[in-house]
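Colleague: I have a structure here, written as structure tokens, and I will follow up with some questions on it.
Every number in this text was worked out from the coordinates using simple rules, so none of it is lab data. Source: prediction; values computed, not measured. Cβ: placed from backbone, ideal geometry, glycine included. Neighbour counts: every protein chain shown.
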Amino acid sequence: MFKDVFFTPILINDFSEILQCLIKNNINGTFNVSGQERISKYKFAIKLAKIFNYEPNLIEEASIKQTRLVRRPLDMSLDNKKIKNVMSKKFKTINQSLRYLKKITNSNYYRKIKSI
């Protein structure tokens, strides 16, 4: 996992909730809908592994600069201040989002969604 590629992850459930709120309240404009925290792909994978009880030491740290992948931005993080100013919703931290993801993964949530 790349230690030098950054992003601001958001749980799809939160993204969908924010989008529904924007539509319901007829809020127009251009907004960055993103997570609250900027993190490297490597550190995100470590957090994910720990929360899901996998071995984080199996995740290898790497630099994208040492690969032959297609060039991409190193920092894909987004500033979400504008969306936070128009909404009263408190954005989850990465840890909160991952704990919630684990909770719904362990429930019948996905089976319920699939049956709709």
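Colleague: Going by the structure shown, is Ser40 buried (at least 16 other Cβ atoms within 10 Å of the Cβ) and of a type in the set (S, T, N, Q)?
Modeller: yes
Colleague: Please tell me if Ser107 is surrounded by fewer than 17 Cβ atoms within 10 Å (Cβ to Cβ) and over 19 Å from the mean Cα position of the chain (by Cα).
Modeller: yes
Colleague: Still on this model: Out of the stretch 1-19, which residues are surrounded by 16 or more Cβ atoms within 10 Å (Cβ to Cβ), assigned to a helix (DSSP H, G or I) and either of a type in the set (Val, Ile, Thr) or on the phi > 0 side of the Ramachandran plot (or both)?
Modeller: Ile18
Colleague: So which residues in the stretch 20-53 are assigned to a helix (DSSP H, G or I), within 23 Å of Lys102 (Cβ to Cβ) and not charged (D, E, K, R)?
Modeller: Listed by number, the residues that qualify are Tyr42, Phe44, Ala45, Ile46, Leu48, Ala49, Ile51.
Colleague: Looking only at the stretch 69-80, which residues are under 16 Å from the mean Cα position of the chain (by Cα) and exposed (fewer than 13 other Cβ atoms within 10 Å of the Cβ)?
Modeller: Asp75, Asp79, listed by residue number.
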